[in-house]
């Protein structure tokens, strides 16, 4: 594997707080990463520094083997789609796309036009008069059609309805299959993006607390469904991270792997194994070292 | 291998220059800021000035008439400079441009606009010279002091002043974005105090006469060269401020 991004001991300090603390990670070529974490965890700061829009307090960042700061050679191979991008006041979506075509070397105009249709984006309306969702569509279209070798999407779907979000996911995965590239997608909607991302980076209070493939993360736990009594016998003495029950039926997610004895019990009691929710695993790991008071506040991760 | 790799080694050396020219196009996307409002200010002030001249000359007043109103389009370039920064910088970052590309492209766009404005002023001045101030001795663009060195020198003077205003607006907007309104206001007050201190010194040493003599000796074109020096200094200052501006 060869990495396109190398970050070593990156720290970013603002006057009042540490946004990033000793972050080290590498991002491999042609892969989709989920950059996950709570609000204010440092996701945007990290992506801003990687694209040289913000500066590190200390540490090293290399993109394509070079320092990205003021480096047109490196920057022209990246695209950063912000959560709320600002556009020139008296311009419209058509201007924004025409300009993007000028600056991104792999720009695909046909794809851009197709996406404009699908998102029903009006090209002649002034950008500031577009709805929140339509403004997000401008960014998403630029991010997809630019086909940059590394594309960062920072919560790109603000104001999108479920249909528009699905359109985005479908195009992302389809276009990625045809034109493999590196995509870093930061999101709160973990379960929605769980099937897209191949790697998970979880950042919490400026520190990387998880950096693994999605498969590895999922194999940390099992999710069993079936008769509540049988399940209680199975999970006895294990750490349960999620439990739902309806009458006699329970669904329990527990940490650890299954032994042969466990598998027999599952077969005998007619229990079902279903995929583990990535969201539950991540919510749990971001809560792990929290004070109890914060534990309840997981809304930001859930929707 | 993948398509992305196939065209990735595409002549990276030719990129930066094209991208800088791209910024010019990006700036001119704001046609309202860069073209229509300046045209409106210039045309509007010209029309108003001429109407006033006409009223004055119709009431039987003789002698050439000059007006300070023609400076308005030049001042307006401070607004153009601030807008070029405020409206476009964040979008230029989203276009993966470097700050240097944004800076050079914006200055180039401003220079093109300034050439346009200066050309209009020179053309009006030539017409005013030829027609004796539209036949009523009213001068808008032709100010004898400015035109001493001929049309080309006058054009250069107008160009330099336009760029000076642009770069001031541009720099103030960068300072505002980087350090906030408080620091911007403080620096404006400090600049005002420094200028006042200079004026006070001139008064105490009774040197105003010398200053006026120097101004007359230097002539408009000489002053334009001083203004050009200031413009270059401000331009460097704004680049240094922009280099560490974050989004």
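The values are calculated or read from the model by the stated rules, or taken from the named source; none is laboratory data. Quick caveat, the model's predicted, so the values are computed rather than measured. Glycine also receives a Cβ, built like all others from the backbone with ideal geometry; neighbour counts cover every protein chain displayed.
Kindly indicate whether residue A:136 is crowded, with 23+ Cβ neighbours inside 10 Å, closer than 26 Å to residue A:26 by Cβ and either in contact with a helix residue (DSSP H, G or I) (Cβ under 9 Å, 6 or more places away or on another chain) or without any contact (Cβ under 8 Å) to a residue 12 or more places away in the chain (or both).
Here the answer is no, as residue A:136 does not meet what is asked.
Taking the stretch B:238-247 as the region of interest, how many residues are part of a helix (DSSP H, G or I) and either at positive phi or in contact with a helix residue (DSSP H, G or I) (Cβ under 6 Å, 6 or more places away or on another chain) (or both)?
Step one: of the stretch B:238-247, the residues part of a helix (DSSP H, G or I) are B:238-243.
Among the residues that remain, those that are also either at positive phi or in contact with a helix residue (DSSP H, G or I) (Cβ under 6 Å, 6 or more places away or on another chain) (or both) are: B:238-239, B:241-243.
Summing the residues that are part of a helix (DSSP H, G or I) and either at positive phi or in contact with a helix residue (DSSP H, G or I) (Cβ under 6 Å, 6 or more places away or on another chain) (or both) in the stretch B:238-247 gives 5.
Between B:42, B:47, B:21, which is within 14 Å of chain A (Cβ to nearest Cβ), assigned to a helix (DSSP H, G or I) and either at pLDDT below 90 or within 32 Å of the chain's Cα centre (by Cα) (or both)? Explain how you work it out, then say what you get.
On the way: B:42 fails: within 14 Å of chain A (Cβ to nearest Cβ); B:47 fails: within 14 Å of chain A (Cβ to nearest Cβ).
From the options B:42, B:47, B:21, the qualifying one is B:21.
For residues that are in contact (Cβ under 8 Å) with a residue 24 or more places away in the chain and not in a helix (DSSP H, G or I), scanning just the stretch B:126-159, find the one that is surrounded by the fewest Cβ atoms within 10 Å (Cβ to Cβ).
B:148
Looking at the stretch B:79-109, which of its residues are surrounded by fewer than 19 Cβ atoms within 10 Å (Cβ to Cβ) and away from chain A (no Cβ under 13 Å)?
Across the stretch B:79-109, the qualifying residue is only B:108.
Of everything in the stretch A:286-303, what is at pLDDT 50 or above and in contact with a helix residue (DSSP H, G or I) (Cβ under 9 Å, 6 or more places away or on another chain)? Give them in sequence order. Break it down stepwise before answering.
Narrowing the stretch A:286-303 to residues at pLDDT 50 or above: A:286-290.
Matches in the stretch A:286-303: A:286, A:287.
Which one is nearest to residue A:165 (Cα to Cα) among residues in the stretch A:112-130 that are touching a residue at least 40 places away in the same chain (Cβ under 8 Å) and surrounded by fewer than 19 Cβ atoms within 10 Å (Cβ to Cβ)?
If we filter the stretch A:112-130 for residues that are touching a residue at least 40 places away in the same chain (Cβ under 8 Å), which is where we start, we get A:115, A:118-119, A:127-128.
Next, only the ones that are surrounded by fewer than 19 Cβ atoms within 10 Å (Cβ to Cβ) stay: A:118, A:128.
On the way: A:118: 11, A:128: 21 Å.
Filtering first and then ranking leaves A:118.
Which residue, of B:82, B:78, B:72, is in a helix (DSSP H, G or I), touching a helix residue (DSSP H, G or I) at 6+ places or on another chain (Cβ under 6 Å), without any contact (Cβ under 8 Å) to a residue 40 or more places away in the chain and farther than 30 Å from residue A:144 by Cβ? Working first, answer last.
Working: B:82 fails: without any contact (Cβ under 8 Å) to a residue 40 or more places away in the chain; B:78 fails: without any contact (Cβ under 8 Å) to a residue 40 or more places away in the chain.
Exactly one residue qualifies, and that residue is B:72.
Could you look through the stretch A:163-221, keep only residues that are part of a strand (DSSP E or B) and within 14 Å of chain B (Cβ to nearest Cβ), and pick out the one that is surrounded by the fewest Cβ atoms within 10 Å (Cβ to Cβ)? Break it down into steps so the answer makes sense when it comes.
Applying the first criterion (part of a strand (DSSP E or B)) to the stretch A:163-221 yields A:182-187, A:199-204, A:207-213, A:221.
Checking the rest, the ones that are also within 14 Å of chain B (Cβ to nearest Cβ) come to A:182-183.
Working: A:182: 23, A:183: 26.
Selected residue: A:182.
Is one or more of the residues making up the stretch A:145-155 surrounded by 22 or more Cβ atoms within 10 Å (Cβ to Cβ) and assigned to a helix (DSSP H, G or I)?
Yes, the stretch A:145-155 contains a residue that is surrounded by 22 or more Cβ atoms within 10 Å (Cβ to Cβ) and assigned to a helix (DSSP H, G or I).
Would a scan of the stretch B:199-220 turn up a residue that is in contact (Cβ under 8 Å) with a residue 24 or more places away in the chain, touching a helix residue (DSSP H, G or I) at 6+ places or on another chain (Cβ under 6 Å) and part of a helix (DSSP H, G or I)?
Of all residues in the stretch B:199-220, those in contact (Cβ under 8 Å) with a residue 24 or more places away in the chain come to B:219-220.
If we keep only those that are touching a helix residue (DSSP H, G or I) at 6+ places or on another chain (Cβ under 6 Å) as well, we get B:220.
Add one more test, that the residue is part of a helix (DSSP H, G or I), and what stays is B:220.
Checked the stretch B:199-220: at least one residue is in contact (Cβ under 8 Å) with a residue 24 or more places away in the chain, touching a helix residue (DSSP H, G or I) at 6+ places or on another chain (Cβ under 6 Å) and part of a helix (DSSP H, G or I).
Residue by residue through the stretch A:30-42, note down the ones that are buried (at least 22 other Cβ atoms within 10 Å of the Cβ) and at pLDDT 95 or above. Don't jump to the end; show me each part of the working.
Here is the first cut: in the stretch A:30-42, the residues buried (at least 22 other Cβ atoms within 10 Å of the Cβ) are A:33-38, A:41-42.
Passing the criteria: A:33, A:34, A:35.
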